[in-house]
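These notes are about the structure you will find just below.
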Amino acid sequence: MKPIEATLPLPVRVAVRLRDDIEKGLWSDHLPGCRSLANHYGVSRKTCMASMLLLEEEEVIAPAEVGKKRNILIRPSPQPRKNDPHQGTLLVLHCSEQEFSARHLSNVNVLQTTWSDGGGHVAFQVVNYDRYSKPKNQLKQLIKRYQAVAIVLIAPRSEWLEEAARLLPTYSMGGLWPGDMKNATAHGFDFCHQIDQLISYLYRHGHRRIMIPNYHTEPIANYFHEAVTAGYHRFIGSNDDRRDVILDIPNFVSSEPTDWFRFWRDSLKRFEPTAVIPVQAVHLLSLYGFCTASKISIPRDLSVLCTEHHIQSEWMWPKPHMQKHSEAAVRKCFKQWIDGGLRPMGMKLLSLEIMEGNSVRDLNSL
């Protein structure tokens with residue numbers, strides 16, 4: 001079999017193909033061994049293993065057991081109905097300057113498999129949200145090129161979201177959502193509530209100096225700062241006892257690992273937090289690396305709680321505390337949009353839960 005054409009990161013593409021083949025009945029009951037699958041899809045065993053971890057997280061396949069093949073947990077899908085609205089091309093747009101977060105990768109995998117279940121095709125296109133403040137012509141050209149019947153925008157600017165919704169049925173993941181928008185669909189999280197949940201959790205464990213780095217560029221950076229501050233004030237409420245919690249929100253924008261190393265060194269020395277809340281899994285990895293190099297013990301010297309879950313982060317030690325959303329809830333929301341004929345449903349807020357690991361120390365016990 002020929003290697004899969006480049007669109008998304010390779011493990012995600014292989015996971016999509018593998019799930020698609022499972023639903024078509026190519027594999028039933030259990031999967032072949034990793035070596036056989038890697039040869040079948042023309043990828044390395046390492047890539048194949050990463051793909052199976054993604055499907056394990058989606059509960060498509062069972063966790064690995066020593067000496068046994070992985071069991072398949074879903075049944076083959078029925079043949080798609082004729083004239084379904086989602087048998088055409090779904091155009092997924094993401095920014096050229098944007099790195100997919102673990103949460104976005106997971107959600108993209110969900111929407112791609114869900115759309116493909118109906119016999120449709122998914123096309124991915126990199127765009128530059130910042131370059132075009134009036135993207136009408138660019139969107140029209142892309143729609144014509146791909147013959148798209150619907151659009152998904154990943155963390156878009158509001159101008160792109162509003163213009164796309166005027167042209168085709170539109171679904172948004174992440175980014176800013178205009179409060180009065182009614183002609184599109186999105187799923188997301190109440191970030192203010194998310195921050196309140198995280199600070200409350202750390203507060204119950206005795207933490208009073210908490211740092212949340214802001215890695216965004218404008219205008220998202222300003223929104224992020226306002227949302228974190230609002231979550232902090234929601235946490236305090238009318239409880240004066242909670243006013244001893246001090247929150248630091250340093251702004252730092254860089255994709256260079258060495259820059260982040262210096263950032264952790266300087267900011268931890270300046271503020272001396274007892275707990276840090278990294279927003280993305282890549283920042284979590286960076287912080288763990290810095291702490292290892294600097295002989296800072298997690299959680300003895302510093303507690304860590306990440307706002308997003310990545311299954312590969314579960315291999316880190318100590319296993320980090322992470323917030324996680326339900327992929328089943330994402331799939332349900334996206335499928336409701338499809339089954340409703342792609343009619344706009346507005347913003348659907350999803351809940352998050354904290355997956356406890358070993359990275360938060362209870363300071364109350366000292």
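The values are calculated or read from the model by the stated rules, or taken from the named source; none is laboratory data. All values reported here derive from a predicted model rather than from experimental measurement. No Cβ is skipped: glycine too gets one built from the backbone with ideal geometry, and neighbour counts run over all protein chains shown.
Where the second residue is surrounded by fewer than 19 Cβ atoms within 10 Å (Cβ to Cβ) and in a helix (DSSP H, G or I) and the first is among the aliphatic types (A, V, I, L, M) and lies in the range 182-200, which pairs have Cβ atoms under 7 Å and are six or more apart or on separate chains?
The qualifying pairs are I195/A227.
All but one of (1) surrounded by 11 or more Cβ atoms within 10 Å (Cβ to Cβ); (2) outside any helix (DSSP H, G or I) hold for G231; which doesn't?
Against the list (1) surrounded by 11 or more Cβ atoms within 10 Å (Cβ to Cβ); (2) outside any helix (DSSP H, G or I), G231 comes up short only on (2).
Name the single residue, out of those in the range 125-164 being of a type in the set (G, A, S) and in contact with a Phe, Trp or Tyr (Cβ under 9 Å, 6 or more places away or on another chain), that is surrounded by the most Cβ atoms within 10 Å (Cβ to Cβ).
Kept after step one, since they are of a type in the set (G, A, S), are these residues of the range 125-164: 133, 148, 150, 155, 158, 164.
After this cut, where a residue has to be in contact with a Phe, Trp or Tyr (Cβ under 9 Å, 6 or more places away or on another chain) as well, the list is 150, 155, 158.
Working: A150: 23, A155: 19, S158: 15.
Within the range 125-164, the match that is surrounded by the most Cβ atoms within 10 Å (Cβ to Cβ) is A150.
Could you list all residues from the range 165-218 that are buried (at least 16 other Cβ atoms within 10 Å of the Cβ) and β-branched (V, I, T)?
Within the range 165-218, T170, T185, I195, I199, I210, I212 qualify.
When you scan the range 244-361 for helices (runs of 4 or more DSSP H) that lie fully inside it, which ones turn up with 3 or more residues that are touching a Ser or Thr at 6+ places or on another chain (Cβ under 8 Å), of a type outside the set (D, E) and over 30 Å from A164 (Cα atoms)?
Here the list reads 257-271, 281-293.
In the range 264-294, how many are aromatic (F, W, Y) and either in contact (Cβ under 8 Å) with a residue 40 or more places away in the chain or loosely packed, with under 14 Cβ neighbours inside 10 Å (or both)?
1
Go through (1) closer than 24 Å to A186 by Cβ; (2) of a type in the set (K, R); (3) at pLDDT 90 or above one by one and return the number of the condition K319 breaks.
Unmet for K319, out of (1) closer than 24 Å to A186 by Cβ; (2) of a type in the set (K, R); (3) at pLDDT 90 or above: (1).
Hey, can you tell me all the residues within the range 35-55 that are touching a helix residue (DSSP H, G or I) at 6+ places or on another chain (Cβ under 7 Å), surrounded by fewer than 19 Cβ atoms within 10 Å (Cβ to Cβ) and either of a type in the set (D, E, K, R) or more than 21 Å from S313 (Cβ to Cβ) (or both)?
Once the filter is applied, which keeps residues that are touching a helix residue (DSSP H, G or I) at 6+ places or on another chain (Cβ under 7 Å), surrounded by fewer than 19 Cβ atoms within 10 Å (Cβ to Cβ) and either of a type in the set (D, E, K, R) or more than 21 Å from S313 (Cβ to Cβ) (or both), the range 35-55 yields R35, S44, R45.
In the range 138-156, is there at least one residue being within 29 Å of L53 (Cα to Cα), in a helix (DSSP H, G or I) and charged (D, E, K, R)?
No, the range 138-156 has no match at all.
Does any residue in the range 133-150 that is free of Cβ contacts under 8 Å to residues at least 60 places away in the same chain come within less than 6 Å, Cβ to Cβ, of a residue that is part of a helix (DSSP H, G or I) and of a type outside the set (S, T, Y) six or more places away or on a different chain, and which pairs are these?
Hits for this filter: S133/E159; P135/W160; P135/E163; K136/E163; L139/E163; L139/A164; L139/L167.
Working only within the range 313-337, note down all residues that are under 13 Å from the mean Cα position of the chain (by Cα) and of a type in the set (D, E).
If the condition is that a residue be under 13 Å from the mean Cα position of the chain (by Cα) and of a type in the set (D, E), then E327 is the only one that fits.
Is it true that P250 is touching a Lys or Arg at 6+ places or on another chain (Cβ under 9 Å) and over 28 Å from E327 (Cβ atoms)?
Judged against the criteria, P250 is a match.
Could you say whether any residue in the range 330-348 is under 21 Å from F189 (Cα atoms), out of contact with any helix residue (DSSP H, G or I) (no Cβ under 6 Å at 6 or more places or on another chain) and without any contact (Cβ under 8 Å) to a residue 40 or more places away in the chain?
The answer is yes, given that some residue of the range 330-348 is under 21 Å from F189 (Cα atoms), out of contact with any helix residue (DSSP H, G or I) (no Cβ under 6 Å at 6 or more places or on another chain) and without any contact (Cβ under 8 Å) to a residue 40 or more places away in the chain.
If you check every pair at least six apart or on different chains, which have Cβ atoms under 9 Å apart with a residue in the range 25-37 that is over 15 Å from E65 (Cβ atoms) and among the aliphatic types (A, V, I, L, M) first and a residue that is modelled with pLDDT under 80 and surrounded by 17 or more Cβ atoms within 10 Å (Cβ to Cβ) second?
Listed pairs, sorted by first residue: L37/W27.
Can you tell me which residue within the range 157-201, out of those that are of a type outside the set (V, I, T) and part of a strand (DSSP E or B), is farthest from N364 (Cα to Cα)?
That would be Y171.
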